[in-house]
Ligand code: DLL
């Protein structure tokens, strides 16, 4: 039988949902007009006042917010509450190295954890379950979000964080973890490692997994389900809107319900900004209608997606999004970490290298690899291997500090990277997702 964390909300009628959205949107627009001068200015530029927004039907009139706006307003420019009312920040990398910093009041944390609890309960979680949270804890939202959700769902929570695979497997086995939360690629890696250790699916106590933060295919879902002997559910979210739990999969495993009582979703044409009719493929845009500290109106996610209101067998009424089908910018997600090629370029230029480089991303044994090939200048060129090694290590350290990620750096001879006749081919992504 399908279980819900907040059935009266998750299965509310379309009319009820719309009424909540209309009312909350009007309140939110008034809130940002009164408290965030950045928004007031943007609205004034369009000749708008809060009275022009009487509900969801007027949403399209509002200006968009982009990552560039977040960068410009960094760090406090979009804050709608005094700092003394905020209890938490989370953060993710931005386009040119500057981070996106999102703020939360206690109320924001509470609602976010509710969203994650909805996802867990949809995957079958009860107070009989042991939930191992193997997303990273820290500035990344994965660990904290699912951790809070797991508490709310009443699970015994193991805050394992990411890494240390042997210890992960030991906890799963010894503490009988029944639910695993981590990135899909880490789930696949754990599955492979357990197989290598001779464990069969029936010896693994896990029954469900909540996997997200990066793109994964249906084939990957089948693989993970078979090796771990579980049902694997998708979960979507982004730091700017809270973190995981903006949308989650139910027993139907065919798209993710967007928590529409908190987020209004639109699909737009990424080139013109025009709102597209339901069922069209385009860029996903979200408006957070309940956030206190860091509300975003019409935030452009850059994720390409489709929405459907077809009736779902699980009984939930909230609109469903398909798995994101790509991005309308050049952001890569490597081992769950958001990486912009421009960040890599910044590190290279800061170390005196020319902008002749290639970023090669691959997936080896379920783990993403990042290989940066960089041309030396003729002045740097040397056959002294010790010197080349020193330079490579210097760049590895620079990239680690910019991205928080281990990369391999290979210095190559001047003019050895093939020049393109058109746009430079900076990124070769060999992963089959
Ligand atoms: O990845 C939040 C999260 C944590 C989601 C744990 C799910 C589980 P960011 O680091 O800000 O936040 O990255 C957000 O990741 O715009 C998508 O491009 C991508 N993304 C997130 N979930 C999925 C998913 C977290 N299920 C960016 N499938 C988003 C595909 C996803 N891409």
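Under Stokes-Einstein, with the Kirkwood radius over Cα pairs as Rh, the value for the range 283-429 at 4 °C and 1.567 mPa s is 71 µm²/s. Entry for the range 106-202 at q = 0.17, 0.23, 0.25 Å⁻¹: log10 I(q)/I(0) = -0.72, -1.20, -1.34, Debye formula applied to identical alpha-carbon scatterers, no solvent contribution.
Counted over all Cα-Cα pairs of the range 81-139, pairs farther apart than 15 Å make up 66 percent. All C-alpha to C-alpha distances of the range 301-381, sorted into 10 Å bins beginning at zero, yield P(r) values of 14, 30, 25, 17, 8, 4, 1 percent in whole numbers. Taken over the chain, the ratio of Cα radius of gyration to 2.2 N^0.38 Å equals 1.02.
Panel values: the range 183-333, Kirkwood radius from alpha carbon pairs, Stokes-Einstein at 20 °C and 1.002 mPa s, translational diffusion coefficient 130 µm²/s. For the pair residue 311 and residue 192, a Förster radius of 56 Å applied to the C-beta separation gives a FRET efficiency near 0.90, rounded to the nearest 0.05.
May I ask for the Rg/Rh ratio of the range 364-420, computed from Cα atoms with Rh as the Kirkwood radius, given to two decimals? That ratio is 1.02, to two decimals. Its Cα gyration tensor gives the range 275-337 an equivalent ellipsoid. The semi-axes, each the square root of 5 times an eigenvalue, are 21, 18, 13 Å from largest down. Each principal axis of the Cα atoms in the range 170-230 has its own extent, and those three values, largest first, are 30, 19, 15 angstrom. Using only alpha-carbon positions in the range 54-110, the gyration tensor eigenvalues give semi-axes of 22, 19, 10 Å once each is multiplied by 5 and square-rooted (largest first).
For the chain, adding -39500 (n - 2.57) for each run of n ≥ 4 DSSP H residues and dividing by the number of residues yields -9500 deg cm²/dmol at 222 nm.
Note on the range 1-119: semi-axes of the ellipsoid equivalent to its C-alpha gyration tensor, largest first and rounded to whole Å, are 27, 22, 13. Just so you know, the averaged projected area of the alpha carbon convex hull for the range 33-185 sits at 11.7 nm². Could you work out the relative contact order of the range 283-428, using alpha carbon pairs under 8 angstrom and six or more residues apart, expressed as a whole percent? Here the relative contact order equals 18 percent.
If I take R0 = 41 Å and measure r between the Cβ atoms of residue 41 and residue 342 in this structure, what FRET efficiency does the formula 1/(1 + (r/R0)^6) give, to the nearest 0.05? Working from the Cβ atoms, E equals 0.95. The packing ranking of peptides 113-120, 158-165, highest mean first, is 113-120, 158-165, where packing means the average number of other beta carbon atoms within 10 angstrom of each residue. With Cα atoms as the point set, the range 237-306 shows a radius of gyration and Dmax of 12.1, 36 Å.
Approximating the spin labels as points 7 Å out from Cα along Cα→Cβ, the residue 367-to-residue 71 distance works out to 3.2 nm.
Peptides 26-37, 243-254 ranked from most to least packed by the mean count of surrounding Cβ atoms within 10 Å: 243-254, 26-37. Between residue 107 and residue 389, the simple label model (points 7 Å from Cα in the Cβ direction) yields a spacing of 5.9 nm. Using C-alpha pairs below 8 Å separated by at least 6 residues, the relative contact order for the range 40-141 is 21 percent.
Above 18 angstrom, tally the Cα pairs of the range 1-51 and express them as a % of all pairs, no decimals.
Roughly 50 percent, rounded to a whole number.
No lab work stands behind these numbers, since they all come straight from the coordinates. Since the model is a prediction, treat every value here as computed from it, not as a measurement. In this analysis, Cβ positions are derived from the backbone assuming ideal geometry, glycine residues included, and neighbour counts consider all displayed protein chains.
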